[in-house]
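Below is one structure, written out as structure tokens; the observations come after it.
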Amino acid sequence: MKVLLINGSPHKEGCTFTTLTEIKGQLKKEEIESEIFWIGNKPVRGCIACGKCETLERCAFDNDVANEIADKIIESDGLIIGSPVYYTGPNGALCAILDRVFYSTSSKFAFNPSASVVSCHRGESTASFDRLNKYFTIFPICPL
């Protein structure tokens, strides 16, 4: 079994990374292989509803990490998404990536075990946690 842990922070080794590292350690104790993938801090594109993913079975934009992440999720048996909280929401770049990944390729990894974690210093985590978990509850009924 392999679990992909997505670090949705612009800081490669910040608080979100620390949380995911702890999870990775617990998975290792259970002899579960895992990888932490950092989304980076370069610009990402948002979905433009072009519909090309329906025939391509991946996002038409291939100039950021979205399709790379989709491929890694498809190769994995489980997924954990981590994000810092900014003004009660997850990192915007992460959401732009996940919107494209889940819409374009979720049929290839639907129903795999998934979870999310958020990192914040105040009581603003609920909306972020809810937003990330929506990806897991909506994607099985996407049109692809």
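Would you calculate, for the chain, the mean residue ellipticity at 222 nm contributed by helices, counting each DSSP H stretch of 4 or more residues as -39,500 (n - 2.57) and dividing by all residues, to the nearest 500?
Value at 222 nm, helices only, nearest 500: -12000 deg cm²/dmol.
When the accessible area of the chain is computed with all protein chains present and a 1.4 Å probe, what percentage of it is carbon and sulfur?
54
Hey, could you grab the Kirkwood Rh for the chain? Inverse mean 1/r over distinct alpha carbon pairs, Å, one decimal.
15.3
Can you figure out the FRET efficiency of Asp71 with Lys28, using R₀ = 25 Å and their beta-carbon distance, to the nearest 0.05?
0.60
Relative to the present Cα-Cα distance, how much length would full extension add between Thr126 and Leu56 at 0.36 nm per residue of separation?
Stretched out fully, the Thr126 to Leu56 stretch lengthens by 21.7 nm.
Evaluate the charge dipole of the range 2-105 about its Cα centre and quote only its size in Debye, nearest 20, assuming +1 on the Cβ of each Lys and Arg and -1 on the Cβ of each Asp and Glu.
Result for the range 2-105 is approximately 300 debye, rounded to the nearest 20.
Normalising by the residue count of the chain, find the relative contact order in percent from Cα pairs under 8 Å and 6+ residues apart.
Over the chain, the number comes to 28 percent.
Kindly report, to the nearest 10 Å², the accessible surface of Cys53 as traced by a 1.4 Å probe over protein heavy atoms only.
20
Show the residues, 5+ positions off or on another chain, whose built amide H is closer than 5 Å to the amide H of Ile81.
Placed amide hydrogens put Ile6, Ala115, Ser116, Val117 under 5 Å from Ile81.
The values are calculated or read from the model by the stated rules, or taken from the named source; none is laboratory data. The structure presented is a predicted model; accordingly, all values stated were derived computationally and were not measured. Here Cβ is always computed from backbone atoms with ideal geometry, including for glycine, and neighbour counts include all displayed protein chains. Heavy atoms of the whole protein, side chains included, go into the accessibility calculation; ligands, DNA and RNA do not. Shrake-Rupley method; radii C 1.70, N 1.55, O 1.52, S 1.80 Å.
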